[in-house]
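Encoded as structure tokens, the structure appears first; notes follow it.
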Amino acid sequence: MQYNAKRDISIIHHMTLLIAIGVFSSVAASGILIIMIETNSLSINPLYFSTKMGTLTNIDNIISYQQFYSISTFQLAKAVTTNNITDRELNIPIGKNITAEDISEFVTVFDDQPFEGGQISPRIAKWVNEDVFLFVQFDKPSPSNATSLNYIGIGKKGIFCESDKPSPDFVHFHKWNATSYREGHGHEAGDEGYWLMWVATNDIEVQGRQVSPGVDRDFSPTPPPKC
């Protein structure tokens, strides 16, 4: 095979340029990150930062990155701050399951009765102003038998009309005055009562559905009439 000196010189020049670019990029990235940390613009675990910078400043890694990707200084800095997010979340507090004592405290605080006429609501409520109450709903209708909190929610005064519905999140209307809870669901246009919104607190099965944490727009919907 014929020796090609011009080709080898070109390869040497190319590799030298890659190394120079890589070194400059890593130094620049280190400087940017140090400034961000010193000015509290970036919160980061020191051990995680040290590990990442060791990887980025390794010349073999830099050459490999530069050969296959066009990596800018900004991209190198971004890689340090966004990769392996789990390592950055180690300081997040760990919650705990609700206890029977906690449920008893809820019952003590949520002691208002927005629903009247003899109906018994499967949730407990607390007025927060003249028009809105908060409610909590456990895994059992009676808090004394409950072991977990399935929903938190909001009830807002209103009438059973489409134009009065606060938002798509308020899926159910319930009359304030009914002889039984079943009879309290919105029926007639202009019924007076409350628009209810449920927010699930856990992965649960409700009404034959699998529900994840967040607003539950399928909880006992009562489509309102136009009036």
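Every read-out reported here was derived from the displayed coordinates using simple, explicitly stated rules and does not represent laboratory data. All figures in this text were calculated on a predicted structure; none of them were measured in a lab. For neighbour counting, all protein chains shown are included, and Cβ atoms are generated from backbone atoms with ideal geometry for every residue, glycine included.
For an R0 of 30 angstrom, estimate the FRET efficiency from the Cβ-Cβ distance between SER220 and LYS126 and round to the nearest 0.05.
On the way: r = 21 Å, r/R0 = 0.70.
Computed FRET efficiency for SER220 and LYS126 comes out at 0.90.
Which net charge results when you count Lys and Arg as +1 and Asp and Glu as -1 among the other residues whose beta-carbon is under 15 Å from that of PRO141? Provide the component values of the computation, followed by the final result.
On the way: positive: ARG123, LYS140, ARG182; negative: ASP139.
Taking every other residue near PRO141 into account, the sum is +2.
Can you give the extra length, in nm with one decimal, that the chain gains between SER180 and GLN210 once fully stretched, where that is 0.36 nm per residue apart less the Cα-Cα distance? Can you show the working numbers first?
Details: separation 30, 0.36 × 30 = 10.80 nm, distance 2.77 nm.
Full extension from SER180 to GLN210 adds 8.0 nm.
What nm value, rounded to one decimal, do you get for the distance between ALA189 and SER144 when each label is placed 7 Å out toward the C-beta?
4.5
Calculated FRET efficiency, GLU162 and VAL109, Cβ-Cβ r, R0 30 Å, to nearest 0.05?
0.30
What does the charge count around ASP218 come to, taking other residues whose C-beta lies under 13 Å from its C-beta (Lys +1, Arg +1, Asp -1, Glu -1)?
Working: positive: ARG209, ARG217; negative: ASP169, GLU205, ASP216.
Computed value for this residue: -1.
Take the cross-link list LYS96/LYS165; LYS96/LYS126; LYS140/LYS226; LYS96/LYS175 and give me the ones stretching past 31 Å between alpha-carbons. The partial results should precede the final answer.
Working: LYS96/LYS165 35 Å; LYS96/LYS126 24 Å; LYS140/LYS226 35 Å; LYS96/LYS175 36 Å.
Going by Cα-Cα distance, LYS96/LYS165; LYS140/LYS226; LYS96/LYS175 fall outside the 31 Å limit.
Counting other C-beta atoms within 10 Å, and keeping those with at most 11, which DSSP coil GluC sites (Glu not before Pro) do you find in segment 95-184? Write out the running numbers ahead of the final one.
Details: sites: GLU101, GLU105, GLU116, GLU130, GLU162, GLU183; in loops: GLU130.
Answer by residue number: GLU130.
Beta carbons within 10 angstrom, averaged per residue: use that to sort the peptides 191-200, 134-143, 90-99, highest first.
Packing order, densest peptide first, comes out as 191-200, 134-143, 90-99.
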